[in-house]
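Okay, so here's the structure we're looking at.
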Amino acid sequence: GWCPLSPAGAQTTQLQVEPPWRPAVLWDRVTLTCQGSGTAGATTWYKDGQRWGQEGVDSFIVTESGTYTCYRPGSGLSPPVHVVNATPVLQVPARVLLEGDTMSLRCRL
């Protein structure tokens, strides 16, 4: 679930995940927010590759496990976010990590 690097100045759509852990776990009450330079209020959501949910909602609390992406006119399709309903799961911070960084791991049982 890492976001690819974009060319300088490129405007892309991203999915923000709260709480910021990967993989996202359903029973964490995960909120997905679609962000980008594209038109606010014109978000289209996809779950497992199929159009899903209400168009125009920029943020929602996930109630089903699956792979989510969002699309915004003007900035395109986001990278996917996987939400799982499994236990136990080892989670890592949802940010880019570099060699030598200190990182916290979270084990959910």
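General remarks:
- By accessible area with a 1.4 Å probe, ligands and nucleic acids excluded, highest first: order of 107, 70: 107, 70
- Carbon plus sulfur fraction of accessible area for the chain, probe 1.4 Å, in percent: 55
- Normalised per residue, the volume of the convex hull around the Cα set of the chain (Å³): 100
- Summing +1 for each Lys or Arg and -1 for each Asp or Glu among the other residues whose beta-carbon sits under 14 angstrom from that of residue 80 gives +1.
- Span from the segment 29-58 Cα centroid across to the segment 73-109 one, whole angstrom: 19
- Accessible area expressed per residue, the chain, with surrounding protein chains retained (probe 1.4 Å, Å²): 59
- Derived scalar couplings between HN and Hα for segment 47-53 equal 10, 6, x, 10, 4, 8, x Hz in order, rounded to whole Hz, by the Karplus curve 6.51 cos²θ - 1.76 cosθ + 1.60 (θ = phi - 60°), x for Gly and Pro.
- About its Cα centre, segment 6-109 has a charge dipole of approximately 80 debye under the convention of +1 per Lys or Arg Cβ and -1 per Asp or Glu Cβ, with nothing else charged.
- Interchain or long-range residues, amide H under 5 Å from residue 94's placed H: 21, 22
The values are calculated or read from the model by the stated rules, or taken from the named source; none is laboratory data. Every value quoted in this text rests on a predicted model; they were computed, and no experiment measured them. All Cβ positions, even for glycine, are placed from backbone atoms using ideal geometry, and neighbour counts span all protein chains on display. Side chains included, ligands, DNA and RNA excluded: accessible areas come from the protein's heavy atoms. Shrake-Rupley method; radii C 1.70, N 1.55, O 1.52, S 1.80 Å.
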